[in-house]
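Novice: Submitted below is the structure of interest, expressed as structure tokens.
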Amino acid sequence: MRTETYEALPSGLAEQVAALEAQAWPGSSPGHDPALAPRAVLLLDAGGRVAASLALLHKPVRLADGRTYRAAGLSGVVTRADVRGRGYGGRLVAAARALLAADPGVDLALFSCDRELVPFYEAAGFEVLPGTVLVGGTPADPLATDAPGLDKTVLGAFPTGAADGEGRADRVRAAFTGIRVPLYPGTIDRLW
């Protein structure tokens, strides 16, 4: 497993990630908004090639009650076509969850996925947030996970700090369940 800022990825690995993303999402632009402090998490095969990759994006999220939380999300989760079905994607997502859980600068992991992918993310330790809608894009040009034509489900994970115990995780989970979350990550990563 390898994690780097996108700017620090060696060119050979950066090119492989861009090629994987272009194959999975034709017509999209590679990379992520630097304002979201993107970190690449890579799983390399025995030959040192990228077998699977994802991005961890970070952003403070202010809720309607005035509280601000330090959110991180998964984006661009992709496995190379010739190695799919070997568990690489699941290992990568589980490792990303562990990285976020160990990060003292993250209050919660929050992202959306296509409904049929929910079991995949649940197997890695994420949980569905019933009734939660992420509102991405920008305030002037929003894109919500419940928009017509999107079949998205919002998932989360709630790390516990040693000093906070389970109580903090439960409070953050409650704050993000059944609400519209004003994520607004911008025009590059409209939803993460």
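Novice: Take region 73-91 and flag every residue that is over 19 Å from residue 28 (Cβ atoms) and not in a loop (DSSP other than H, G, I, E, B).
Specialist: We begin by selecting, within region 73-91, every residue over 19 Å from residue 28 (Cβ atoms); these are 82-88, 90-91.
Scanning region 73-91 gives 82, 83, 88, 90, 91.
Novice: Take region 2-26 and flag every residue that is under 20 Å from residue 83 (Cβ atoms) and either touching a Cys at 6+ places or on another chain (Cβ under 7 Å) or among the β-branched types (Val, Ile, Thr) (or both).
Specialist: Hits for region 2-26 are 3, 17.
Novice: For region 69-85, which residues satisfy the criterion of being open to solvent by 50 Å² or more (accessible area, probe 1.4 Å), touching a residue at least 24 places away in the same chain (Cβ under 8 Å) and either in contact with a helix residue (DSSP H, G or I) (Cβ under 9 Å, 6 or more places away or on another chain) or farther than 22 Å from residue 182 by Cα (or both)?
Specialist: 81
Novice: Here's something else I'd like to know. Could you tell me whether any residue of region 179-187 is open to solvent by 60 Å² or more (accessible area, probe 1.4 Å) and either assigned to a helix (DSSP H, G or I) or under 21 Å from residue 52 (Cβ atoms) (or both)? So that I can check it myself, show each step before the final result.
Specialist: To start, the set of residues in region 179-187 that are open to solvent by 60 Å² or more (accessible area, probe 1.4 Å) comprises 180, 184, 187.
Adding the requirement that they be either assigned to a helix (DSSP H, G or I) or under 21 Å from residue 52 (Cβ atoms) (or both) leaves none.
Scanning region 179-187, I find no residue that is open to solvent by 60 Å² or more (accessible area, probe 1.4 Å) and either assigned to a helix (DSSP H, G or I) or under 21 Å from residue 52 (Cβ atoms) (or both), so the answer is no.
Novice: Could you grab the pairs with beta carbons closer than 6 Å, sequence gap of 6+ or different chains, first residue in region 98-111 and of a type in the set (A, V, I, L, M), second one in a helix (DSSP H, G or I) and surrounded by 15 or more Cβ atoms within 10 Å (Cβ to Cβ)?
Specialist: Close Cβ pairs satisfying both conditions: 106/100; 108/172; 109/100.
Novice: Out of the residues in region 4-38 meeting the condition of being in contact with an Asp or Glu (Cβ under 7 Å, 6 or more places away or on another chain) and open to solvent by less than 40 Å² (accessible area, probe 1.4 Å), tell me which one is modelled with the lowest pLDDT.
Specialist: Filtering first and then ranking leaves 32.
Novice: Restricting attention to region 121-132, report how many residues are part of a helix (DSSP H, G or I) and surrounded by 15 or more Cβ atoms within 10 Å (Cβ to Cβ).
Specialist: Initially, region 121-132 is screened for residues part of a helix (DSSP H, G or I), giving 121-123.
Pick out the ones that are also surrounded by 15 or more Cβ atoms within 10 Å (Cβ to Cβ) and you get 121.
The number of residues fulfilling the criteria is 1.
Novice: Quick check, is residue 41 surrounded by 15 or more Cβ atoms within 10 Å (Cβ to Cβ), touching a residue at least 24 places away in the same chain (Cβ under 8 Å) and assigned to a strand (DSSP E or B)? Lay out the reasoning, then the answer.
Specialist: Numbers: surrounded by 15 or more Cβ atoms within 10 Å (Cβ to Cβ): yes; touching a residue at least 24 places away in the same chain (Cβ under 8 Å): yes; assigned to a strand (DSSP E or B): yes.
Here the answer is yes, as residue 41 does meet what is asked.
Novice: Here's something else I'd like to know. For region 126-157, how many residues are under 26 Å from residue 102 (Cα atoms) and at pLDDT below 95?
Specialist: So the count comes out to 0.
Novice: Only one of these is surrounded by fewer than 20 Cβ atoms within 10 Å (Cβ to Cβ), of a type outside the set (Val, Ile, Thr), at pLDDT below 95 and assigned to a helix (DSSP H, G or I): 95, 101. Name it.
Specialist: Details: 95 fails: at pLDDT below 95.
Only one candidate qualifies: 101.
The values are calculated or read from the model by the stated rules, or taken from the named source; none is laboratory data. It should be emphasised that the depicted structure is a prediction, and the values quoted were computed from it without experimental measurement. Using ideal geometry, Cβ is built from the backbone for each residue, glycine included, and neighbour counts are taken over all protein chains shown. The accessibility values were calculated without ligands, DNA or RNA, using every heavy atom of the protein model including side chains. Shrake-Rupley method; radii C 1.70, N 1.55, O 1.52, S 1.80 Å.
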